[in-house]
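The values are calculated or read from the model by the stated rules, or taken from the named source; none is laboratory data. These numbers were taken from a predicted model, which means no experiment stands behind them. A quick note on method: Cβ atoms are made from the backbone with ideal geometry, for glycine too, and the neighbour counts reach across all protein chains shown.
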Amino acid sequence: KNEVEQSPQNLTAQEGEFITINCSYSVGISALHWLQQHPGGGIVSLFMLSSGKKKHGRLIATINIQEKHSSLHITASHPRDSAVYICAVRSRGADGLTFGKGTHLIIQP
Amino acid sequence: GAVVSQHPSWVICKSGTSVKIECRSLDFQATTMFWYRQFPKQSLMLMATSNEGSKATYEQGVEKDKFLINHASLTLSTLTVTSAHPEDSSFYICSAGRRESGTDTQYFGPGTRLTVL
């Protein structure tokens, strides 16, 4: 079983829809990252969370440390949001990240 | 914002040759640099962690003699894939760690796609 599980693996939605991507992890962590990977492979860091909730533009990330669960929400989705969204955790005492397999999101016009 | 560059962005080489990939933090000094690898349709996997001036720490299953990491300065780390084989074809990504407001944040490079023929 992976330490980091994401769902769904694939998601296709219509422009304007509210999107939720979930991430569950099984280890104690010091931080959780949400990353966006574009078709060319480049990665952009969206959020780093250790508790609570963060918002940036149309993106919202929440984390529940007790339940070992995080969600990434996209409001008013747009075709340019189409990408792979990756959840990654930094285990306590570690420096490097452990990644989920990613959620492939397609927003259709 | 913090910028991390990688060079080259893609490389094609023959089996048996060595390939060097550079990772630079352009506008900050990185406390730690990380090397990741991503095979098609798979998640990123940490290969090694390196700190300037010391030997890299490799993850289990990653051969240190095959993937040579040199962390020459606080802004430059290099990964050399020695005697590359087709199974080494992958997407290699580095990230650079920076301490901000008491928190360690990682900034990712754009990645290097290696194809070994």
Could you go through region A:11-24 and let me know if any residue there is under 15 Å from residue A:97 (Cα atoms) and part of a strand (DSSP E or B). yes
Selection status of residue B:49, in a loop (DSSP other than H, G, I, E, B) and modelled with pLDDT of 90 or more: no
Might you check whether a residue that is aromatic (Phe, Trp, Tyr), out of contact with any helix residue (DSSP H, G or I) (no Cβ under 8 Å at 6 or more places or on another chain) and touching a residue at least 24 places away in the same chain (Cβ under 8 Å) occurs anywhere in region B:4-22? yes
So which pairs qualify, if the first residue must be in region A:35-49 and without any contact (Cβ under 8 Å) to a residue 60 or more places away in the chain, the second must be in a strand (DSSP E or B) and among the charged types (D, E, K, R), the Cβ gap must be under 7 Å, and the two must be at least 6 apart or on different chains? A:41/B:113; A:47/A:54
Output for region A:25-35, where each listed residue is more than 11 Å from chain B (Cβ to nearest Cβ) and either surrounded by fewer than 17 Cβ atoms within 10 Å (Cβ to Cβ) or of a type in the set (Gly, Ala, Ser) (or both): A:26, A:27, A:28
Residue, nearest to the other protein chains (Cβ to nearest Cβ), within region B:6-62, restricted to residues that are within 16 Å of residue B:84 (Cα to Cα), among the charged types (D, E, K, R) and surrounded by fewer than 16 Cβ atoms within 10 Å (Cβ to Cβ): B:20
Condition check: touching a residue at least 12 places away in the same chain (Cβ under 8 Å), under 22 Å from residue A:24 (Cα atoms), within 14 Å of chain B (Cβ to nearest Cβ) and small (Gly, Ala, Ser). Does residue A:70 satisfy that? no
Note on region B:66-117: residues within 14 Å of chain A (Cβ to nearest Cβ) and touching a Pro at 6+ places or on another chain (Cβ under 7 Å) are B:112
Just one listed residue, out of B:29, B:42, is free of Cβ contacts under 8 Å to residues at least 40 places away in the same chain and assigned to a loop (DSSP other than H, G, I, E, B), and it is B:42
Checking A:16, A:40 in turn, the sole residue that is closer than 17 Å to residue B:43 by Cα and either aromatic (Phe, Trp, Tyr) or loosely packed, with under 14 Cβ neighbours inside 10 Å (or both) turns out to be A:40
Considering each residue of region A:50-103, count those that are in a helix (DSSP H, G or I) and either surrounded by fewer than 18 Cβ atoms within 10 Å (Cβ to Cβ) or of a type in the set (Val, Ile, Thr) (or both), and give that number. 2
Considering (1) away from chain B (no Cβ under 11 Å); (2) under 17 Å from residue A:82 (Cα atoms), say which one residue A:38 fails and leave the rest. (1)
If a residue must be touching a Gly at 6+ places or on another chain (Cβ under 6 Å) and under 12 Å from residue B:93 (Cα atoms), how many such residues does region B:7-42 contain? 2
